[in-house]
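What follows is a single structure, written as structure tokens, with notes after it.
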Amino acid sequence: MDIKVGDVVKLKKQHPCGSYLWEVLRIGMDFRLKCEGCGHQIMIPRKQVEKNLRQLIRKDDENKEIQN
């Protein structure tokens, strides 16, 4: 899976704040994710992120949409 720092991932289950979107802050054996809704940060194993991933929103794609 080609996930990079700065990308936003949409996971299966929502955070208690109601958001499904998480920003990727760190990549390695574990991922550090920041909730887009409330800003809460978590460390989660790579395997669990890849299993629960629903959508990947590239950092580059967001920048292109803003420019157009």
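The values are calculated or read from the model by the stated rules, or taken from the named source; none is laboratory data. No experiment lies behind these values; they were computed from the predicted model shown. Using ideal geometry, Cβ is built from the backbone for each residue, glycine included, and neighbour counts are taken over all protein chains shown.
A few points about this structure:
- All of (1) more than 14 Å from LYS4 (Cα to Cα); (2) touching a residue at least 12 places away in the same chain (Cβ under 8 Å) hold for GLY39 with one exception: (2).
- Taken over the range 15-36, the criterion of being within 14 Å of LYS4 (Cβ to Cβ) and surrounded by fewer than 16 Cβ atoms within 10 Å (Cβ to Cβ) is satisfied by LEU25, ARG26, ILE27, GLY28.
- Tally of residues being assigned to a loop (DSSP other than H, G, I, E, B) and aromatic (Phe, Trp, Tyr) across the range 1-59: 1
- Unmet requirement for LEU11, which otherwise passes all of (1) of a type outside the set (Val, Ile, Thr); (2) within 16 Å of LYS59 (Cα to Cα); (3) within 9 Å of the chain's Cα centre (by Cα): (2)
- Residues that are in contact (Cβ under 8 Å) with a residue 24 or more places away in the chain and among the hydrophobic types (A, V, I, L, M, F, W, C), drawn from the range 42-54: VAL49, LEU53
- Being hydrophobic (A, V, I, L, M, F, W, C) and modelled with pLDDT under 95 holds for only one residue in ILE42, ILE57, and it is ILE57.
- Identity of the residue in the range 1-14, surrounded by 13 or more Cβ atoms within 10 Å (Cβ to Cβ) and of a type in the set (A, V, I, L, M, F, W, C), that ends up modelled with the lowest pLDDT: ILE3
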